Each structure stands twice: as C-alpha cells, then as structure tokens.
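S.K.: Okay, handing you the structure first.
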Amino acid sequence: MERVRVGVHAGDPITLAGVASHLRARPEFQLVGERQFGEAAVLVVCADVVTSEVMSALRRFTENSAARCVLVTNELRQADLLAAVECRVVSVLPRADATGDRLASAVVAAARGRGDLPPDLLGELLSQVERLQRDVLGPRGLTTSGLAPREVDVLRLMAEGWDTAEIAEKLSYSERTVKNVVYAVMSRLGLRNRPHAVAYALRAGVI
C-alpha cells in the first residue's frame, strides 16, 4: 500500500514533536518537512485557538499545495468555519479527542477525500452555505460553484459532446447566446478553452 505523505504544523515545538512522532510510527504514513508541504496529500495543523495567524498559515500552505487539511484545535470560531473549508480543511478534531488512532483515522479519511466535522460545526457550515447562496450568490444568479444555472446547462451539454448549434437548439437559445455564455464563464473564471471550462464544472461537481 502506498503511504500517505503527511505534513505537520503546530504552534509550539512540543505539540509538533508529539504529533509527528505518533504519525511517523505508523507504516501508512510518510512525513514530510515544511519545505515539502507542497508534496503532501494531507496537512495536519494543530492550534489551541484558530487565530488570524493560523488562518493566514492555512491559506499560505494551501496556495501552493493540493493537500487536504486536518485541523486539531480547542476553538474554531463559527465565523471562521467557511474560510477554513475554503482552505481545504476537511476534518476538525477537538484536541481532547485527538488520540493517536483518531488522528490517524482522520488523516486516512482526508487522503481519501472524506471529511469529519463535529455535528455542531457541520450544522453551522450548512447554515453558512445556505446564507451565502441566499444572500450573495442567488441575487447574482450564481450557485456555490460560481456558475449560473444556464451556464451549468451549457457546460453539461458540452461535456456530452454537443456542438454550439445543437446546444442552442436544445436550450432554445441562439448560437450567439451559447457562445456568449461560454465566453463569460471562461473570462470570469480564467479558463483557457472549452475543455478547461468543462473540466472546471466537473471538478466543481455540478455536471
């Protein structure tokens, strides 16, 4: 079995050494140093309280890495929850519950694309997403993927191999409208071409 490459960041050297020791002792993990965080599949970030400095560190780590994050903390403000998820935090463990086995399970789950949030945080996250859709995205005709419903319709048909004329007939649009929809998506999201736009929609899980 291929070992999961894991990076560990903590605010103090004792915590760093303890967490690293737990993970290093397990055969399913390969630890990497901070300079190699870009090569990690999972980052474990430990902090007593998630402060603005911790959030900045999360953003810095994930800017140059595709790693998912496991956050071990005593306190994560509800106001910071959505921002943490945007930094690819998929699991939040209270420090009191972060035994060696529980941490290892969270890291393996994160590597497989699974998440683990305490029920109160999961409920709050769903509420925040609902408010974001209702108050910010909905009035602009967008969804949480950053795409408008008609953009999703056009991209779905593109993914199925339909050309511009066929998409226009299918959706009762003019060909010019279809071209404008595709151009608007690519311009707004910085996408290079139609295949790139389809790939974005696939990754966003909307088609």
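S.K.: In degrees from 0 to 90, rounded to the nearest 10, what is the angle of the helix 175-189 Cα long axis to the longest principal axis of the chain?
M.R.: Roughly 20 degrees between the two axes.
S.K.: OK, next. With label points built 7 Å along Cα→Cβ from the Cα atoms of GLN30 and LYS170, find their separation and express it in nm.
M.R.: Placing both labels 7 Å beyond Cα along the Cβ direction yields 4.3 nm.
S.K.: With every protein chain left in place, what is the accessible area of SER187 in Å² (1.4 Å probe, nearest 10)?
M.R.: 70
S.K.: Here is a further query. I'd like the accessible area for ASP48: 1.4 Å probe, protein heavy atoms, all chains in place, Å² to the nearest 10.
M.R.: Estimated to the nearest 10 Å², ASP48 gives 90 Å².
S.K.: Using only Cα atoms and rounding to the nearest 10 degrees, what angle (0 to 90) does helix 119-131 make with the longest principal axis of the chain?
M.R.: Compared with the principal axis, the helix lies near 30 degrees.
S.K.: Mind checking which of ALA67, ALA197, ALA84 has the largest fluctuation in a GNM of the chain, springs on alpha carbons under 10 Å?
M.R.: ALA197
S.K.: In addition: Rounded to the nearest 500, what is the chain's calculated 222 nm mean residue ellipticity when only DSSP H runs of at least 4 contribute -39500 (n - 2.57) each, over all residues? Let's see the in-between values first.
M.R.: On the way: 9 runs with 103 residues, N = 207.
-15000 deg cm²/dmol, from helical runs alone.
S.K.: Angle, helix 52-63 long axis vs. longest principal axis of the chain, Cα atoms, 0 to 90°, nearest 10?
M.R.: Around 60 degrees separate the two axes.
S.K.: When the accessible area of the chain is split by element with a 1.4 Å probe, what percent falls to carbon and sulfur? Write down the numbers at each step before the final one.
M.R.: Details: 5820 of 11610 Å².
Carbon and sulfur atoms account for 50 percent of the accessible area of the chain.
S.K.: Right, something else. Using a Gaussian network model on the chain with a 10 Å cutoff between Cα atoms, which of ALA104, ALA41, ALA168 fluctuates the most?
M.R.: Largest GNM mean-square fluctuation: ALA168.
S.K.: Would you kindly find the accessible area of GLU160, with a 1.4 Å probe and non-protein molecules such as ligands, DNA and RNA excluded, rounding to the nearest 10 Å²?
M.R.: Approximately 120 Å² for this residue.
S.K.: I would also like to ask the following. Comparing LEU157, LEU71, LEU31, which has the greatest mean-square fluctuation in the GNM of the chain with Cα pairs linked when under 10 Å apart?
M.R.: In the Gaussian network model the winner is LEU157.
S.K.: Antiparallel DSSP bridges in the chain: what percent, to the nearest 5? Each step should come with its number before you reach the end.
M.R.: On the way: 0 of 22 bridges.
Within the chain, antiparallel bridges account for around 0 percent of the total.
The values are calculated or read from the model by the stated rules, or taken from the named source; none is laboratory data. Please read these numbers as outputs of a predicted model, since none were measured by experiment. Backbone-built Cβ (ideal geometry, glycine too); neighbour counts: all protein chains shown. These accessible areas exclude ligands, DNA and RNA; they are computed on the full protein's heavy atoms, side chains included. Shrake-Rupley method; radii C 1.70, N 1.55, O 1.52, S 1.80 Å.
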